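Asks: Here it is, the structure in full.
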Amino acid sequence: MTAGIRTHSSHLMLRTLMRSPDSRPGHSAGPALTTAAVALLWGTSGGLVRFLALPAAEIACLRAAVGAVTLAAVLAVRSRAGRTSAISLPRRHLPSLVLSGTLLAAHWLTFVMALQRAPIGTVLTGIYVAPVLITVLARRTLNEKVDLGKRVAVLLAVAGSALVLRPAAAGGWDGILLTLFSAAAYAGSILASKKTLAATSPMMVAAAQLATTAIILAPIMLVGFVPLAAYDAVVLGVLGAVYSAIAMWAYLAALRGLSTTTSAILLCLEPVSAFITGWLFLGEKPSPLTAVGAVTVLAASTYATLKWVQEEKRPELDAPHSEASLK
């Protein structure tokens, strides 16, 4: 079942990228569906991480490094083919790009540490208190309008998260603090990414973020480095190339056409596939309260998707009337 989710999510992302990797999505459900597919894929990553007997910094650093190398290779091929716009990076956006990479490093490090202390579904659901921070900060940093419907969806997502983010279920207060810190870093990374995407291609932003993350975590990794077994190398390769490089590229391409609040709510789908992964492969059976929380998060995500599609279709419906009035 989980393998089917992962395969279907990967196909959705690849189809979107093959159509137009760096173009802004039009008035369609494409960006929302791509974000949902990425969320479902990322939700299965916890299962892979839990099978790695490596320090958190090493997992996060090598995953980012593999992802950065993968996208750098793609950028090099595209540059030789004459698509030089893919590697353009305005200097004025460098601070936002470095900030997003730094926050991504903090998010991944604390995320892996939390996964080593608590069930996958609990950690991932707890991470998604981030939509609250994004909703509050998006108006201040990006001048985005957050209507009542989106606020209700965010509150539903948080209510669902609260049902599973409890000390007993989260591996104690250490697990809770790591999860909340990871959520805050995650929210900041999304906001900084959105700002950078205004003038930089999604592929370039993803590559730079992953490279920044790897550079920041490298010194921490070297302190307690553990030699890799063949199995570890394969898993890290999949995490880096698929879950980091391709998925990050797809997510950022979709983020161009979505508000950060809508995107964050859609990413709350991640815990749903995380619960399935933990249940099927790790024997982590959710409690009734946890199940109710997951369903609540799913409802909020579905509402956000439908509302966004309605908002995107409205200008198309109004366009003929506008043209008629001009005549």
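Throughout, read-outs are computed from the coordinates displayed, never taken from laboratory work. Only a predicted model underlies this, so the values are computations on that prediction, with no experimental measurement involved. Cβ placement follows ideal geometry from the backbone for every residue including glycine, while neighbour counts extend to all protein chains displayed.
Asks: Let me check I've understood the local charge: for Pro55, count other residues with C-beta under 15 angstrom from its C-beta, Lys and Arg +1, Asp and Glu -1. What total comes out? Please list the in-between numbers first.
Replies: Values: positive: Arg50, Arg63, Arg117; negative: Glu58, Asp232.
Value of the local net charge: +1.
Asks: Let me ask something else about it. For Leu148 and Val226, compute 0.36 nm times the residue count separating them, minus their Cα-Cα distance, and round to one decimal in nm. List each step's numbers first, then the result.
Replies: On the way: separation 78, 0.36 × 78 = 28.08 nm, distance 4.95 nm.
Using 0.36 nm per residue and subtracting the Cα-Cα distance, I get 23.1 nm.
Asks: Under a point spin-label approximation (7 Å from Cα along Cα-to-Cβ), what is the Leu177-Ala233 distance to one decimal in nm?
Replies: Those two pseudo-labels are separated by 3.8 nm.
Asks: Given the Cα-Cα distance of Arg117 and Arg92 and 0.36 nm per residue of separation, how much length would full extension add, in nm?
Replies: 5.0 nm
Asks: Moving to a separate point now. If you average the C-alpha positions of the range 29-74 and of the range 195-258 separately, how far apart do those two centres end up, in angstrom?
Replies: One Cα centre to the other: 7 Å.
Asks: Beta carbons within 10 angstrom, averaged per residue: use that to sort the peptides 100-110, 215-225, highest first.
Replies: In decreasing order of mean packing, 100-110, 215-225 become 100-110, 215-225.
Asks: Taking the simple approach of a point 7 Å from Cα along Cα-to-Cβ for both Ala199 and Ser79, what is their distance in nm?
Replies: 2.0 nm
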